[in-house]
Each structure stands twice: as C-alpha cells, then as structure tokens.
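Where a number appears in this text, it was derived from the coordinates with a stated rule and is not lab data. All of these numbers come straight from a predicted model, not from anything done at the bench. So basically every Cβ, Gly included, is an ideal-geometry build from the backbone, and we count neighbours across all protein chains shown.
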Amino acid sequence: MNLSCYICDGPGPTMEFLLGRVSPLNACWGLCKVCGIAVCTGHGFRSETPDEYQCALCVGPGIKRRGGGGNGPQQPVTPGPSKDEFLRAYSELRIEILDAIRSRLDEYFSNTFEPFQMDRRAREIAAAAFEEASGVAEFRIRLKNAILEISGA
C-alpha cells in the first residue's frame with residue numbers, strides 16, 4: 001500500500017498548500033503528531049514552538065492551546081510569547097496566510113491596552129485567521145458533506 005496524503009487524496013475536495021515553496025513531486029511525508037493522519041509537506045507544518053509536525057487540520061486548534069496566559073482556574077497566568085515571537089514561529093506559512101494572521105492580530109492589539117503578548121483571545125483570533133486564510137474551515141465543511149454523501153445520510 002502506498003502512503004498518500006489524506007488531504008490531497010481524502011474523500012472530499014482538497015485545499016491549497018500551507019507552505020509557499022512546496023512541489024508536489026518532491027514533497028516529503030509525515031504523520032501528524034496530534035491526529036496521526038499522513039500528510040504531505042504541503043498540508044503539514046512543523047512549528048518551532050513546540051517542534052512537532054502537524055497536519056493543516058490540527059494547526060488551528062494547536063494555535064488556540066499554545067502559549068501562556070493560563071488555561072484554567074488552577075493555572076497561574078504566565079505571559080505567552082510576544083506577537084512577533086508567535087509570528088516568527090509560523091513564518092514558513094504561505095505569505096497570504098501569515099499576512100491574514102498578522103492583520104487580525106494587529107487589529108486586536110490596536111483595540112486593547114494589553115501588551116502585545118499572545119493571550120488566550122489573541123490565540124483564538126490567530127487560529128480563526130489561519131483556518132479562514134488557509135481554507136481549512138471551508139475544507140472541513142466540504143469534507144463533512146462528502147462523507148455524508150458517501151454514507152447516504
């Protein structure tokens with residue numbers, strides 16, 4: 001059995017690559033550390049913080065979980081990475097995706113007196129911008145519809 005990218009060859013339509021400099025002919029493959037699906041380097045991303053390979057479908061939720069700011073009532077509030085550190089960690093993304101994230105974060109930070117630290121709300125905004133600009137949100141809807149059509153539901 002040949003290894004194939006779930007997003008390229010899945011039961012629904014595909015989406016564009018996350019990275020700008022990927023050729024499908026020489027793309028390497030990896031398994032998402034979060035969900036375990038096989039993806040090509042165009043639909044996977046290795047983040048510097050933490051250094052792990054994730055598929056396009058898991059990057060957005062990973063952005064929400066990552067960073068400081070305390071995620072529960074028992075956790076101390078610790079500062080997350082700065083906006084610049086956060087954007088640097090995702091600098092390999094296609095420029096259109098990175099620009100969309102940067103634009104939404106700039107808008108968020110211009111309307112708040114908080115320092116440019118990636119708090120929980122900033123991470124949620126960055127994740128939503130990533131999913132919209134990368135096509136993940138639309139891909140999930142189309143994939144769900146394709147699966148429902150296959151199953152006859």
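Volume of the convex hull of the range 89-128 (Cα atoms only), normalised per residue: 65 Å³. Given their separation in residues at 0.36 nm each and the Cα-Cα distance between them, residue 112 and residue 46 gain 20.7 nm when the chain is fully extended.
With the simple spin-label model, which puts each label point 7 Å out from Cα in the Cβ direction, the residue 146 to residue 33 separation comes to 2.7 nm.
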